[in-house]
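S.K.: Here it is: the structure, laid out below.
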Amino acid sequence: MQQLYSLLRVPRRRYGLLVALFGFTIFSVFGQNTPVTGTVTDTEGQPIPGVSITVKGTTKGTVTDLNGAFELSAADNEVLVFSFIGFLSKEIPVSGQATINVQLEEDVAQLDEVVVVGYGEQKRSDISGAVSQVEQKEIARSPAPNLSNNLVGRTAGIIATQRSGSPGDDQSNIFIRGIGTTGDASPLYVIDGIIRTARDFAQLNANEIESVSVLKDAASAAVFGVRGGNGVILVTTKRGVAGKMQIALNASYGIQERTRTPEYVGSYEWAMLYNEALVNQGQAPQYTDDDLQKYRDQSSPDTHPDTDWLSVLSTTAPMYNMGITANGGSDKVQYATSLSYLNQEGIVPSNVFKRYNFRSNIDANVTNTTKLSFDVSGRNESTNNVAAPELFRWLMSARPNLAPIKWSNGTYSSGPAYQALPENGYRNRLIQAFKGRVQLLQQLPVEGLSLKGIASFDKTLTDQKNWTFAKTPYYTLASDGSFVEAPRGATELYSDHNDYQSITLESHLNYMHTFGRSEVSGLVLYTQTKEYWNFISGLRTGYTLGIDELDFGSAANRNNRGYSGSSGRQGVVGRLNWTYASKYILEGSFRADGSEQFAPGNRWGFFPSASVAYVISRESFLENVPMINFLKLRGSYGVLGNDRLGGARFLYLQSFYQNGTAVFGDGNVQPAIFEGRLSSPNVTWETVKKLNIGFDATLWNNQLSVTADFFYDKRSDILGQRNLSVPSLLGIDLPFENLAKVDNKGIELVLGHQNSLSEDLRYSMNANLTFARNKVIYIDEPASENPNIRRTGRPLNAQFGYRALGLFQTVEEVQNAPTQIGDIAPGDIRYEDVNGDGKIDDLDRVYIGSSNTPEIIFGYNGNLAYKNFELSLLFQGGTRVQQYYSGEAAWPFFLGTSGVLKQNLDRWTPENTDASEPRVLINADNNHAGSSFWLRDASYVRLKNVEIAYNVPVANLKFVQGIRVYVNANNALTWTAIENFDPENDSGRGWGYPQFRIWNAGLNINF
């Protein structure tokens, strides 16, 4: 044992080598020769490097070296303060001592930090499942207005992609440990113990939040049963603290710009390339030298325009955010309230998203054993946009010489810019959400036993109103050079209203007690939720007056529809925790869930889990090992479910639907009812069997932390239809069945380091990596002669196509190659003849790449504080991800009408045989075939977030406790091989709303 102790002792003194692996090298420059010397050790007598020693009340100080030694000058009447992360601080008067040796005690409270878990809290050291946490201050450092965009890269286990930058709809698709189903793989969101929607989470204001926990394995998520199979994100909002009222004001202003802007050629280059494409096809050029000169010198802008259609979009868009919070109370009543306002404009004219958030959490100690909590929150969102729902599609599809945005007489042409005019209509959405929650906690006469009752009421009103009424006409250019006003097109108003509400009731019986060296806690819970919805819509056309109300539409064309419904579910939860000697931890939990979605005999499911943890560092044989402060091994296994049916209901019943009309007897017209999907009496939920093995460690005086996990999920009973294996001749929709099977496994790794080099200088860093790979075990597939396109054994959403071998370079290569697709020549894409039959056809299609969701997500977070200055950086990236580009986003002259990207200029010609693109063609059947040629590596690394802040000294300000001035940025820099588009944008044809880079400045004032 002594030999082991000696071996492990050396690395502890050389912990700086591990710090260097993280990428930070910080030098200490504070030491000097002094009359006061000494050594700082821990309770085992081991030296502690990096301890901050300061003279109390001054900025004078130093730090200990690798041997724990220090030197410092100090007066006899001064006091030295010794402090270090993970240890209790100590103050020692100098009192004429020339040598001061100090022993610091470990701060065990850090290991006893409370972490929010499902329906309760646990000490971090006692957690046997896979739970990670994101600190509120980290979330608040990002100016991104959507909360879902602030999690990725900050902790392991979260794989997220932001597909759009549209204000109000710019949320990330979040997956916990990847995707394991062909259905809905999104996690469950729980806010203050109540299950709520992804939008409720995404539209929270960061200043409302106390903590965010991510439940990733069966042990942590089993209490959510049939809804916990995809993992759970738990949010706890801020609560009041007894004391004087604390008021905080927050305000920020930001500028948004596109992370990527597609670069298109102008009309001159477009026409040159078009002529070249025609010649490549054996046709005569279309544009004469006179045409080309007019495109070049813009001498005739009406007949030979050179239009940048993206110029109708703003290059930047402002965003501002402001809020106020108040916190305080007495021993009897505590409160936390907040009010905030967000205004986020988009780059499309009139596009703006506005949001108000309100929250009030009140806790009242009614008696010494009774506590009443009353929470109320609300949200008002409004989103306005132009009438054209596919504006980006048409902007991306138009060639530069189609028409000018405006003719020379100042009127608009029919080009896609016309669709961006706000005066010709709008799409408005209003969401009003109210959340109420009442909780009563009663301590019972039995020690450690308590009873808790919760009632929650949620109501969300959603109104959509789309209005198309052209007030500004467009004109066409006649052959005689005159401008002719075109018909203004159809007018239309669509309006709908959706009323949703849910009521949740819960009763908890909690027990917690210590018996000698055993700590026992238990939970028994009953929960039920009832949901109601009511939807109604109306459509009118033929408006002659510009009044956007349904009553003013034509009587000849009216379309109304509506529906309502309700659903209910019940659940019983049980959990038992036992910890012995703070070393051995066992946990068992279950949930029995009942849902009306399934047939009476299949409505209840049982979802158990078990976990074990072993804090091996508290064993006697490791207690004296200096490098190990804490080491916990843990494992869990359990069964969870997923009952999200994609909006479908009652799959066990035969469905019918109303469509069209039927005529009976003497012309009596009645609604027609059609037979729908066949019933599936035995259908049930997805089943997920989850295994997790991991460990947590803190080393070298708590300066290095390591968390690693291996997970393996086996999912079965995934809903699907046999549409591919059963012929469509059956003539009716096939039933949903518990059909598919998918395995998903991977690893997580988190490394953390923190240190204080002096009272004024401290830093911390965190690196995390998540790798999740899925594989289809069984899925419905058609019979095929080509085994290479089977999805079984491949990742979900695998991509298939021809395997491109490059470009043909010579006529001889073309003649000697297998028969390709259509007429080909040098410069066309060459495909592999996989089956060797001498021709390229469907039998040569193969697996060419994985999906456009990364298998690997990683992040690096660094924080540095010097005196009143703070610097934080978040680098985040994703890899093993591929995006297929086609159409307007890749091919010149797509459909004969689209623009040409500048990247297309590097096309094959006899003089440019080492080109990155094939030769240009108008009709390019061979080159446009689905193949690996157009599949791009969408890996990326971003400077996801950066912030510089200064805490203004406020000692002389009577009523001000703190002032913080900061500048920060989101998506500041992006490194990727993808050109023209953001690597997270999944619109393979470039139709998506682009993502934003945000530059932001703000001020926080605390009173």
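S.K.: With charged (D, E, K, R) and free of Cβ contacts under 8 Å to residues at least 40 places away in the same chain as the only criterion, which of Glu675, Glu686, Glu619 stands out?
M.R.: Glu619
S.K.: Another question, then. Given the conditions (1) at pLDDT below 95; (2) closer than 30 Å to Gln703 by Cα; (3) surrounded by 21 or more Cβ atoms within 10 Å (Cβ to Cβ), and given that Ser595 satisfies all but one, which numbered condition is not satisfied?
M.R.: All conditions are met except number (2).
S.K.: Looking at region 240-252, I want the residues that are under 16 Å from Asn361 (Cα atoms) and have a partner that is part of a loop (DSSP other than H, G, I, E, B) and of a type in the set (Asp, Glu) with Cβ atoms under 6 Å, at least 6 apart or on another chain. Which pairs are those?
M.R.: Cβ pairs passing all conditions: Ala242/Asp331.
S.K.: When you scan region 186-200, do you find a residue that is closer than 30 Å to Glu917 by Cα, in contact with a strand residue (DSSP E or B) (Cβ under 7 Å, 6 or more places away or on another chain) and not in a loop (DSSP other than H, G, I, E, B), even just one?
M.R.: Residues of region 186-200 closer than 30 Å to Glu917 by Cα: none.
Among the residues of region 186-200, not one is closer than 30 Å to Glu917 by Cα, in contact with a strand residue (DSSP E or B) (Cβ under 7 Å, 6 or more places away or on another chain) and not in a loop (DSSP other than H, G, I, E, B), which makes the answer no.
S.K.: Let me ask another. Testing Glu531 on (1) in a strand (DSSP E or B); (2) out of contact with any Gly (no Cβ under 9 Å at 6 or more places or on another chain), one condition comes back false. Which one is that?
M.R.: Every listed condition holds for Glu531 apart from (2).
S.K.: If you don't mind, there's one more thing I want to ask. Based on this model, can you work out whether Ser564 counts as in a strand (DSSP E or B) and either modelled with pLDDT under 95 or out of contact with any Pro (no Cβ under 9 Å at 6 or more places or on another chain) (or both)?
M.R.: When the stated conditions are applied, Ser564 passes them.
S.K.: Also, I was wondering about something else. Can you find a residue that is farther than 30 Å from Tyr580 by Cβ, in contact (Cβ under 8 Å) with a residue 60 or more places away in the chain and either in a strand (DSSP E or B) or in the same structural domain as Trp604 (by TED's automatic domain parsing) (or both) anywhere in region 508-528?
M.R.: no
S.K.: Test each condition in (1) within 30 Å of Met512 (Cβ to Cβ); (2) without any contact (Cβ under 8 Å) to a residue 60 or more places away in the chain; (3) of a type in the set (A, V, I, L, M, F, W, C) for Ile454 and report the one that comes out false.
M.R.: (2)
S.K.: Applying the selection to region 68-96, what residues are in a loop (DSSP other than H, G, I, E, B) and within 45 Å of the chain's Cα centre (by Cα)?
M.R.: As a first pass, look at region 68-96 and keep what is in a loop (DSSP other than H, G, I, E, B): 68, 73-78, 84-86, 88-89, 94-96.
Listed by number, the residues that qualify are Gly68, Phe84, Ile85, Gly86, Leu88, Ser89.
S.K.: Still on this structure, I have one more. Based on this model, can you work out whether Gly838 counts as surrounded by fewer than 17 Cβ atoms within 10 Å (Cβ to Cβ) and touching a strand residue (DSSP E or B) at 6+ places or on another chain (Cβ under 7 Å)?
M.R.: Values: surrounded by fewer than 17 Cβ atoms within 10 Å (Cβ to Cβ): yes; touching a strand residue (DSSP E or B) at 6+ places or on another chain (Cβ under 7 Å): yes.
When the stated conditions are applied, Gly838 passes them.
S.K.: Separate question: Taking only region 201-221 into account, find how many residues are surrounded by 22 or more Cβ atoms within 10 Å (Cβ to Cβ), acidic (Asp, Glu) and not in a helix (DSSP H, G or I).
M.R.: Residues that pass the stated criteria total 1.
S.K.: Mind checking which residues of region 117-145 are assigned to a strand (DSSP E or B), of a type in the set (A, V, I, L, M, F, W, C) and at pLDDT 90 or above? It would help to see each step written out before you state the result.
M.R.: Step one: filter region 117-145 for residues assigned to a strand (DSSP E or B), giving 117, 120-123, 131-135.
Next cut, of a type in the set (A, V, I, L, M, F, W, C) only: 117, 131, 134.
Within region 117-145, Val131, Val134 meet the criteria.
S.K.: What do you reckon, is Ser299 assigned to a strand (DSSP E or B), surrounded by fewer than 23 Cβ atoms within 10 Å (Cβ to Cβ) and of a type outside the set (D, E, K, R)?
M.R.: So Ser299 does not fit the description; no.
S.K.: Let me ask another. Give the residue that is farthest from Glu855 (Cα to Cα), with candidates limited to residues of region 714-749 that are part of a strand (DSSP E or B) and acidic (Asp, Glu).
M.R.: In the first step, residues of region 714-749 are kept if they are part of a strand (DSSP E or B); the result is 714-720, 737-749.
Filter once more, keeping what is acidic (Asp, Glu): 717, 737, 743, 748.
Working: Asp717: 24, Glu737: 28, Asp743: 14, Glu748: 12 Å.
The selected residue is Glu737.
S.K.: For residues that are part of a loop (DSSP other than H, G, I, E, B), under 20 Å from the mean Cα position of the chain (by Cα) and not acidic (Asp, Glu), tally how many sit in region 966-987.
M.R.: Qualifying residue count for the region: 4.
S.K.: Return the residue satisfying two criteria in turn: it lies in region 661-694 and is aromatic (Phe, Trp, Tyr) and either part of a strand (DSSP E or B) or touching a Phe, Trp or Tyr at 6+ places or on another chain (Cβ under 7 Å) (or both), and of such residues it is modelled with the lowest pLDDT.
M.R.: Restricting to residues being aromatic (Phe, Trp, Tyr) and either part of a strand (DSSP E or B) or touching a Phe, Trp or Tyr at 6+ places or on another chain (Cβ under 7 Å) (or both), the top hit is Phe664.
S.K.: Restricting region 631-660 to residues that are under 22 Å from Ser564 (Cα atoms) and of a type in the set (S, T, N, Q), which is modelled with the highest pLDDT?
M.R.: Gln654
S.K.: Which residue pairs have Cβ atoms under 8 Å apart, sit 6 or more places apart or on different chains, and have a first residue in region 792-804 that is within 21 Å of Asn835 (Cα to Cα) and free of Cβ contacts under 8 Å to residues at least 40 places away in the same chain and a second that is surrounded by 18 or more Cβ atoms within 10 Å (Cβ to Cβ) and not basic (Lys, Arg)?
M.R.: Thr792/Val776; Thr792/Ile779; Gly793/Val776
S.K.: Another one. Could you list, in sequence order, all residues of region 886-908 that are touching a strand residue (DSSP E or B) at 6+ places or on another chain (Cβ under 6 Å) and in a loop (DSSP other than H, G, I, E, B)?
M.R.: Gly899, Asp906, Trp908
S.K.: Mind listing whichever residues of region 553-567 are surrounded by 15 or more Cβ atoms within 10 Å (Cβ to Cβ) and out of contact with any Phe, Trp or Tyr (no Cβ under 6 Å at 6 or more places or on another chain)?
M.R.: Ser567
S.K.: Just to be sure before I move on: is Gly859 under 25 Å from Leu769 (Cα atoms) and touching a Phe, Trp or Tyr at 6+ places or on another chain (Cβ under 8 Å) in the structure I sent?
M.R.: In short, yes.
S.K.: Okay, moving on. Just give me the residues in region 361-414 being under 25 Å from Pro167 (Cα atoms) and part of a loop (DSSP other than H, G, I, E, B), in sequence order.
M.R.: Within region 361-414, Val386, Ala387, Ala388, Pro389, Glu390, Ala398 qualify.
S.K.: For region 896-915, indicate whether the set of residues that are buried (at least 19 other Cβ atoms within 10 Å of the Cβ) and farther than 19 Å from Glu269 by Cα is non-empty. Before you say what the answer is, go through the steps one by one.
M.R.: So the first thing to find is which residues in region 896-915 are buried (at least 19 other Cβ atoms within 10 Å of the Cβ), and the list is 898-901, 904, 907-908.
Now restrict to residues that are farther than 19 Å from Glu269 by Cα: none.
The answer is no; no qualifying residue exists.
S.K.: Could you please find all residues in region 148-184 being assigned to a loop (DSSP other than H, G, I, E, B) and β-branched (Val, Ile, Thr)?
M.R.: If the condition is that a residue be assigned to a loop (DSSP other than H, G, I, E, B) and β-branched (Val, Ile, Thr), then Val152, Thr155, Ile179, Thr181, Thr182 are the ones that fit.
Results for (1) without any contact (Cβ under 8 Å) to a residue 60 or more places away in the chain; (2) over 30 Å from Tyr494 (Cα atoms); (3) surrounded by fewer than 17 Cβ atoms within 10 Å (Cβ to Cβ), shown as yes or no for each residue.
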position: Thr369; (1), (2), (3): no, yes, yes
position: Val376; (1), (2), (3): no, yes, yes
position: Ser397; (1), (2), (3): no, no, no
position: Ser413; (1), (2), (3): no, no, no
position: Asn424; (1), (2), (3): yes, no, no
position: Lys435; (1), (2), (3): no, no, no
position: Gln439; (1), (2), (3): no, yes, no
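S.K.: Inside region 613-646, can you point out the residues that are in a strand (DSSP E or B), touching a helix residue (DSSP H, G or I) at 6+ places or on another chain (Cβ under 6 Å) and among the β-branched types (Val, Ile, Thr)?
M.R.: Ile628
S.K.: On the given criteria, is Ser764 small (Gly, Ala, Ser) and assigned to a loop (DSSP other than H, G, I, E, B)?
M.R.: No: the conditions fail for Ser764.
S.K.: Taking only region 229-254 into account, find how many residues are over 30 Å from Arg591 (Cβ atoms), touching a Ser or Thr at 6+ places or on another chain (Cβ under 7 Å) and surrounded by 17 or more Cβ atoms within 10 Å (Cβ to Cβ).
M.R.: Residues in region 229-254 being over 30 Å from Arg591 (Cβ atoms), touching a Ser or Thr at 6+ places or on another chain (Cβ under 7 Å) and surrounded by 17 or more Cβ atoms within 10 Å (Cβ to Cβ): 1 in total.
S.K.: Name the one entry in Glu269, Glu257 that is surrounded by 18 or more Cβ atoms within 10 Å (Cβ to Cβ) and not in a loop (DSSP other than H, G, I, E, B).
M.R.: Checking each option against the conditions leaves just Glu269.
The values are calculated or read from the model by the stated rules, or taken from the named source; none is laboratory data. Just so it is clear, the model here is predicted, and its values are computed rather than measured. With ideal geometry, Cβ positions are generated from the backbone for all residues, glycine too; neighbour counts draw on all protein chains shown.
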